[in-house]
1. Run residue 112 past the list (1) crowded, with 17+ Cβ neighbours inside 10 Å; (2) within 15 Å of the chain's Cα centre (by Cα); (3) not hydrophobic (A, V, I, L, M, F, W, C) and report the number of the one that doesn't hold.
2. Residues in the range 126-134: is at least one part of a strand (DSSP E or B), out of contact with any helix residue (DSSP H, G or I) (no Cβ under 6 Å at 6 or more places or on another chain), touching a residue at least 60 places away in the same chain (Cβ under 8 Å) and farther than 18 Å from residue 169 by Cβ?
3. Taking the residues in the range 150-167 that are among the small types (Gly, Ala, Ser) and within 17 Å of residue 136 (Cα to Cα) as candidates, determine which candidate is surrounded by the fewest Cβ atoms within 10 Å (Cβ to Cβ).
4. Restricting the search to the range 71-101, which residues are over 16 Å from the mean Cα position of the chain (by Cα) and either surrounded by fewer than 19 Cβ atoms within 10 Å (Cβ to Cβ) or on the phi > 0 side of the Ramachandran plot (or both)?
5. Find all pairs meeting these conditions: Cβ atoms under 7 angstrom apart; at least six residues apart or on different chains; first residue within the range 49-68 and over 23 Å from residue 126 (Cα atoms) and aromatic (Phe, Trp, Tyr); second residue surrounded by 12 or more Cβ atoms within 10 Å (Cβ to Cβ) and modelled with pLDDT of 95 or more.
6. Under 6 Å between Cβ atoms, which residue pairs at least 6 apart in sequence (or on different chains) link something in the range 96-118 that is closer than 17 Å to residue 135 by Cα with a partner that is charged (D, E, K, R) and surrounded by 17 or more Cβ atoms within 10 Å (Cβ to Cβ)?
7. So which residues in the range 117-175 are under 20 Å from residue 72 (Cβ atoms), among the aliphatic types (A, V, I, L, M) and modelled with pLDDT under 95?
8. For the range 161-169, check the following and say yes or no: at least one residue is closer than 20 Å to residue 56 by Cβ, under 11 Å from the mean Cα position of the chain (by Cα), part of a strand (DSSP E or B) and polar (S, T, N, Q).
Amino acid sequence: MIALKFDRRTFLTAGAALAGLAIFNSKGALAAPMTTTTDTSIDYKKLSAAEWQKRLTPEQFYVLRKHGTERAGTSPLNKEKRAGIFACAGCDLPLFDAATKFESGTGWPSFYQPLPNAVGETTDKSFFMTRTEVHCSRCDGHLGHVFNDGPKPTGLRYCMNGVAMTFAPAAGSAS
C-alpha cells in the first residue's frame with residue numbers, strides 16, 4: 001500500500017494547479033469541438049472505449065462515457081440564450097430545442113422537455129441516493145439527470161452537463 005502524505009504546501013500547490021486548470025478549461029482552451037458526424041450507419045453503442053477517446057475531448061469522455069459530472073457554472077452553454085438546438089456531443093443527435101431551456105440557478109444547462117425520442121432514462125443509485133439518469137438514445141452517452149422540480153408545462157428539470165452537448169444556433173439567430 002502506498003502512503004500519501006499531504007502537508008499544507010502540497011495541498012495549496014495542488015489546489016492552485018486545479019484552479020488554474022479549471023480557469024484554463026472554462027475559457028474553452030481544452031474543450032476543442034469534436035468532429036461530429038451524422039453518419040447513421042455508425043452503431044455508436046458498439047464503439048469501444050478507445051474509439052470514444054479518439055472522438056471526444058477528455059472532459060467529454062469523462063462525462064459521456066464514465067458518467068461524470070462537470071463542475072457547476074463552467075459550461076458556456078449554461079449562458080446560451082439564442083434559438084437553436086442542443087445536440088449530443090458524442091453522436092450529434094438533436095436533444096433539446098433552446099425554446100425549452102430555462103435558468104434553474106443550478107449552474108448547469110436546464111430544460112423542461114427533450115425532443116421526441118432523443119433521450120432515455122435509467123435509475124442511478126450512486127452517491128447514496130436514487131436519481132433518474134438521462135442518456136442519449138442513440139449512443140447511450142450520459143447527459144445528466146432529470147428532477148421533478150422544473151417549470152410548467154412539464155414540471156421537469158433536465159439538468160444536463162454542458163460538455164456533453166453542442167449547440168447549433170437557428171438560422172438568423174442574433175449572437
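The values are calculated or read from the model by the stated rules, or taken from the named source; none is laboratory data. Remember, it's a predicted structure, so these values are computed and weren't measured experimentally. Every residue, glycine among them, receives a Cβ derived from its backbone with ideal geometry; neighbour counts consider all protein chains shown.
1. So residue 112 meets the others, but not (2).
2. Yes, some residue in the range 126-134 is part of a strand (DSSP E or B), out of contact with any helix residue (DSSP H, G or I) (no Cβ under 6 Å at 6 or more places or on another chain), touching a residue at least 60 places away in the same chain (Cβ under 8 Å) and farther than 18 Å from residue 169 by Cβ.
3. In the first step, residues of the range 150-167 are kept if they are among the small types (Gly, Ala, Ser); the result is 150, 155, 162, 164.
Keeping just the survivors that are within 17 Å of residue 136 (Cα to Cα) gives 162, 164.
Numbers: 162: 25, 164: 30.
Among them, the one singled out is 162.
4. Let us first name the residues in the range 71-101 that are over 16 Å from the mean Cα position of the chain (by Cα), namely 81-84, 99-100.
Within the range 71-101, 81, 82, 83, 84, 99 meet the criteria.
5. Hits for this filter: 52/61; 52/65.
6. Short answer, once both residue conditions are applied: 110/157; 111/101.
7. Matches in the range 117-175: 129 only.
8. Yes, there is a match, as at least one residue in the range 161-169 is closer than 20 Å to residue 56 by Cβ, under 11 Å from the mean Cα position of the chain (by Cα), part of a strand (DSSP E or B) and polar (S, T, N, Q).
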